[in-house]
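Shown next, in structure tokens, is the structure this report addresses.
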Amino acid sequence: MLKKRELIGHECQVLFDLMTHPDVFPFVRQKSYSYEEFLFATKQTVEAEERGELYSRTILDEWENPIGTINLFDIHQGAGFLGTWIGKPYQGKGYNKLAKELFLAELFFEKGIDLIYMRIKKENLRSKKAAEKLAYALNVNKTKPFVFQQLNPHEHVYDVYEVPKDLFTMNYRRNEEQNESFQSMEA
């Protein structure tokens with residue numbers, strides 16, 4: 001479902017084509033306006049991860065086709081900002097939630113991250129709705145005014161959500177226990 005970003009021609013071409021869809025492009029953080037620019041940005045991303053500056057994964061469907069990316073940017077003192085985009089043909093099919101859970105588990109349990117923020121453009125109703133469905137994501141527009149003001153210095157552009165490690169861990173463990181119970185009932 002997730003794999004480290006790589007500079008593979010076919011994969012990059014598919015991702016570039018998916019990213020440039022008009023319903024996706026406005027909400028992508030690392031915009032590329034040409035395929036060559038996308039290759040360069042991917043190379044920079046891979047190198048930045050090697051330096052420990054960010055984490056980036058390609059999201060794959062069940063046939064291992066690339067369908068989007070998920071990233072943790074601006075890492076500072078165990079916290080960072082999550083950025084995810086999924087190609088238009090794959091939206092609304094559960095890939096976003098699954099990719100987030102896998103990526104967050106890796107970040108919290110293997111990479112030493114303690115807190116993840118999500119900044120979502122207020123007009124991006126699809127992403128806001130997806131964030132609000134996550135039991136471990138909290139809207140912090142009012143409870144973290146310093147973060148909200150930092151992202152919105154002049155006007156309200158972004159809504160801010162956070163995923164604390166302890167809340168994610170509690171939900172993750174609960175889901176694991178439910179899956180184990182369900183599997184033992186089937187046996």
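Report relative contact order for the chain in percent, whole number only (criteria: Cα-Cα under 8 Å, sequence separation at least 6).
Contact order relative to length: 17 percent.
Could you list log10 I(q)/I(0) for region 1-105 at q = 0.16, 0.18 Å⁻¹, which the Debye formula gives when each Cα is one point scatterer?
-0.65, -0.84
Using a Gaussian network model of the chain whose springs link C-alpha atoms within less than 10 Å, name the residue from 90, 55, 33 with the highest mean-square fluctuation.
33
With respect to the cross-link table entries 3/128; 100/142; 43/133; 93/165; 88/133, which display a Cα-Cα separation exceeding 29 Å?
43/133
Choose one of 163, 127, 151: the residue whose Cα lies farthest towards the positive end of the charge dipole of the chain (beta-carbon charges +1 Lys, Arg; -1 Asp, Glu; about the Cα centre).
151
Where in the chain is the longest stretch that carries no trypsin sites (Lys or Arg not before Pro) classed as loop by DSSP and with at most 10 other Cβ atoms within 10 Å? Walk me through the intermediate numbers first.
On the way: sites that count: 51, 142.
Between the exposed loop sites, the longest stretch runs 52-141.
Among 65, 141, 175, which one shows the highest mean-square fluctuation when the chain is modelled as a Gaussian network with alpha-carbon springs under 10 Å?
175
Which entry in (1) 16.9, 58; (2) 18.1, 53; (3) 16.4, 49 matches Rg and Dmax of the Cα atoms in Å derived from the coordinates of this structure?
Matching entry in (1) 16.9, 58; (2) 18.1, 53; (3) 16.4, 49: (1).
Region 107-187: which GluC sites (Glu not before Pro) are DSSP loop and have at most 15 other beta-carbon atoms within 10 angstrom?
123, 155
If you find the alpha carbon centre of region 42-84 and of region 115-176, how far apart are they in angstrom?
Their Cα centres are 18 Å away from one another.
Any idea what the dipole of the chain comes to, in debye rounded to 20, about its Cα centre with Lys/Arg Cβ at +1 and Asp/Glu Cβ at -1?
My answer is approximately 660 debye.
Please identify, among 169, 45, 143, the residue showing maximal mean-square fluctuation in a Gaussian network model of the chain using a 10 angstrom Cα cutoff.
Among 169, 45, 143, the largest GNM mean-square fluctuation belongs to 143.
How do 69, 20 line up, fewest other C-beta atoms within 10 Å first?
20, 69
Express in nm, to one decimal, how much length is gained between residue 146 and residue 40 on full extension, taking 0.36 nm for each residue of separation and deducting their alpha carbon distance.
Gain in length upon complete extension: 34.8 nm.
Mind checking which helices in the chain clear 18 Å along their axis (Cα) and have mean Kyte-Doolittle hydropathy of -1.0 or more, DSSP H runs only?
Values: long enough: 35-50 (23 Å, -0.65); 95-110 (22 Å, 0.26); 165-186 (31 Å, -1.74).
Membrane-span-like by this rule: 35-50, 95-110.
Computed from the coordinates by the stated procedures, all read-outs in this text should not be read as laboratory data. What you see is a predicted model; the values in this text were computed from it and never measured. Glycine gets a Cβ as well: all are built from the backbone with ideal geometry, and neighbour counts include every protein chain shown.
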